[in-house]
Amino acid sequence: MAMIAAFSMTMVSCSKSEDSDSEENRLKFANALTQNSTSAAWEGYDQAQRKELGNWTDEDQDYVVRRFDRASTTSTSGTGLLLVFENNYKESIKESSEFTWSFDNDQLKISYRKSGWKPVYAEYRTQELVINGNSFSGYWFEKTDFKYKFSYTKSSYNKWPN
């Protein structure tokens with residue numbers, strides 16, 4: 001019986017270490033984020049949500065294009081630009097901010113340069129962030145009672161401001 005328990009504990013810790021934060025896992029996620037390149041853009045909706053009395057309530061929804069850049073295909077951090085549009089036709093930019101992105105333990109963190117915008121974060125190895133080829137979805141948490149639910153697709157947007 002002790003042998004079975006020891007074996008079970010070994011199996012749990014093995015699978016736990018494979019699923020842990022590591023430079024290899026960060027690089028794998030960064031490669032997916034930038035489509036195995038030094039830059040990639042994603043577009044879709046950000047749905048602001050606020051937690052009230054234990055339930056998430058939808059607030060504003062914005063159409064966005066978000067570009068992630070990095071210095072090389074082996075970098076696990078970089079910069080980017082978020083454009084918020086009036087609608088999905090991408091004719092008029094409502095607001096924008098440059099940002100930096102990096103990993104901090106189990107989280108991908110985005111820090112915006114625009115005054116008043118708070119950093120957002122998400123666990124990159126859980127269902128908080130999911131990248132499958134041409135789609136990227138999940139939740140950006142600003143704090144424990146405020147988050148952005150998002151659903152993006154790969155974007156070919158190329159009218160970036162200077």
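The values are calculated or read from the model by the stated rules, or taken from the named source; none is laboratory data. In this text, all values refer to a predicted model and were calculated from it rather than measured experimentally. Virtual Cβ from ideal backbone geometry, glycine too; neighbours counted across all protein chains shown. We work out accessible area using only protein heavy atoms, side chains counted, and drop any ligands, DNA or RNA first. Shrake-Rupley method; radii C 1.70, N 1.55, O 1.52, S 1.80 Å.
Out of all the residues in segment 54-72, which are open to solvent by 70 Å² or more (accessible area, probe 1.4 Å) and either touching a residue at least 40 places away in the same chain (Cβ under 8 Å) or in a loop (DSSP other than H, G, I, E, B) (or both)?
Residues of segment 54-72 that are open to solvent by 70 Å² or more (accessible area, probe 1.4 Å), as a first pass: 55-56, 58-61, 71.
If the condition is that a residue be open to solvent by 70 Å² or more (accessible area, probe 1.4 Å) and either touching a residue at least 40 places away in the same chain (Cβ under 8 Å) or in a loop (DSSP other than H, G, I, E, B) (or both), then W56, A71 are the ones that fit.
Considering R50, R26, which residue is surrounded by fewer than 16 Cβ atoms within 10 Å (Cβ to Cβ), among the basic types (K, R), modelled with pLDDT of 95 or more and in contact with a strand residue (DSSP E or B) (Cβ under 6 Å, 6 or more places away or on another chain)? Walk me through it before giving the result.
On the way: R26 fails: surrounded by fewer than 16 Cβ atoms within 10 Å (Cβ to Cβ).
None of the other options fit; the residue is R50.
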Within segment 73-100, how many residues are of a type in the set (D, E, K, R), under 17 Å from Y148 (Cβ atoms) and either open to solvent by less than 50 Å² (accessible area, probe 1.4 Å) or outside any strand (DSSP E or B) (or both)?
0
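Just the residues that are over 20 Å from A41 (Cβ atoms), outside any strand (DSSP E or B) and of a type in the set (D, E, K, R), please, taken from segment 113-129.
Hits for segment 113-129 are K118, R125, E128.
Please state which one of S75, S97 is out of contact with any strand residue (DSSP E or B) (no Cβ under 8 Å at 6 or more places or on another chain), at pLDDT 95 or above and closer than 21 Å to S111 by Cα.
Details: S97 fails: out of contact with any strand residue (DSSP E or B) (no Cβ under 8 Å at 6 or more places or on another chain).
One residue alone meets the criteria, S75.
Being surrounded by fewer than 14 Cβ atoms within 10 Å (Cβ to Cβ) and aromatic (F, W, Y), is that true of even one residue in segment 122-129?
Within segment 122-129, the subset surrounded by fewer than 14 Cβ atoms within 10 Å (Cβ to Cβ) is 126-127.
Still in the list and also aromatic (F, W, Y): none.
Within segment 122-129, none of the residues are surrounded by fewer than 14 Cβ atoms within 10 Å (Cβ to Cβ) and aromatic (F, W, Y).
Condition test on Y45, is it part of a strand (DSSP E or B), farther than 17 Å from L33 by Cβ, aromatic (F, W, Y) and open to solvent by 60 Å² or more (accessible area, probe 1.4 Å)? Walk me through it before giving the result.
Details: part of a strand (DSSP E or B): yes; farther than 17 Å from L33 by Cβ: yes; aromatic (F, W, Y): yes; open to solvent by 60 Å² or more (accessible area, probe 1.4 Å): yes.
It is true that Y45 is part of a strand (DSSP E or B), farther than 17 Å from L33 by Cβ, aromatic (F, W, Y) and open to solvent by 60 Å² or more (accessible area, probe 1.4 Å).
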When the residues of segment 130-162 are narrowed to those that are among the charged types (D, E, K, R) and either in contact with a helix residue (DSSP H, G or I) (Cβ under 8 Å, 6 or more places away or on another chain) or not in a strand (DSSP E or B) (or both), which ends up least open to solvent (accessible area, probe 1.4 Å)?
D145
